[in-house]
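For reference, the structure discussed in these notes is given below.
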Amino acid sequence: MRPGPLVIVAARNEADRIGATLDALRGAFPEAPLWVGDDASGDGTAEVAMAHGARVVSRRRPHGKGANVTAAAEAALSDATVPQLALLCDADLGESAAKLVGLVAAVEDGSCDLAIAAFARREGGGFGWAL
C-alpha cells in the first residue's frame, strides 16, 4: 500500500464538521499523515481533530487560512519521511472529502502536476473552489 499524500486540512471553528472530514480522508488515504492548520478556533476544533487522529498546528489568534496552512505544512515537512505529494482541503467537506482520491490519482499517474476541484454547484460564500 502506498503511503498516500500528505494531507493538510484548513480549519476555523469547524468542530461540528471536521471529524467527518478527517474520517473520510483517513478512509480514502489510510496511510497518509493528517495535519490540521487551525486558525485560532474557539469551538474545540483542535481537540476534535486530534481525537480523529490528526496532528494540529494551532495559534492563539487568527492569522488567516494561508498562514495556518503554511504553518501546518512547515511542521509536517520537518519530518523527513513526509510524502512528496500534498493534498490541501477545507475542514467542512465532510464525507465528500473521500472524493478527493481522484485528484490525487491524477497527479500520481502523471496526468497533471496540479489538480484543483470545483464544487458541482455553488453553496454559500467563497469562490466555489476546493484545493
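Which of the strands (runs of 3 or more DSSP E) contained wholly in segment 1-118 include at least 2 residues that are in contact (Cβ under 8 Å) with a residue 24 or more places away in the chain? Quick ask: steps written out before the conclusion?
Numbers: elements: 6-11, 34-38, 55-58, 86-90.
Result: 6-11, 34-38, 86-90.
Could you tell me how many of the residues in segment 1-11 are open to solvent by 50 Å² or more (accessible area, probe 1.4 Å) and either at pLDDT 95 or above or polar (S, T, N, Q) (or both)?
Pass one, segment 1-11, residues open to solvent by 50 Å² or more (accessible area, probe 1.4 Å): 1-3.
Next cut, either at pLDDT 95 or above or polar (S, T, N, Q) (or both) only: none.
Final tally of qualifying residues: 0.
Hey, among the residues in segment 23-42 that are under 15 Å from residue 86 (Cα atoms) and small (Gly, Ala, Ser), which one's most open to solvent (accessible area, probe 1.4 Å)? Reasoning before the result, please.
First, the residues of segment 23-42 that are under 15 Å from residue 86 (Cα atoms): 25-26, 28-37.
Filter once more, keeping what is small (Gly, Ala, Ser): 28, 32, 37.
Values: 28: 30, 32: 4, 37: 2 Å².
The qualifying residue most open to solvent (accessible area, probe 1.4 Å) is 28.
In this entry, residue 93 is excluded by the filter for residues that are open to solvent by less than 60 Å² (accessible area, probe 1.4 Å), at pLDDT 90 or above and touching a strand residue (DSSP E or B) at 6+ places or on another chain (Cβ under 6 Å). Only one of the listed residues (66, 37) is of a type outside the set (A, V, I, L, M), in contact with a strand residue (DSSP E or B) (Cβ under 7 Å, 6 or more places away or on another chain) and under 23 Å from residue 119 (Cα atoms). That residue is 37.
Of everything listed in (1) under 16 Å from residue 94 (Cα atoms); (2) open to solvent by less than 60 Å² (accessible area, probe 1.4 Å); (3) touching a Leu at 6+ places or on another chain (Cβ under 8 Å), the single unmet condition for residue 45 is (3).
The values are calculated or read from the model by the stated rules, or taken from the named source; none is laboratory data. Everything numeric here is computed off the predicted structure, so don't read it as measured data. Ideal geometry is used to build each Cβ from the backbone, glycine not excepted, and the neighbour counts take in all protein chains shown. We work out accessible area using only protein heavy atoms, side chains counted, and drop any ligands, DNA or RNA first. Shrake-Rupley method; radii C 1.70, N 1.55, O 1.52, S 1.80 Å.
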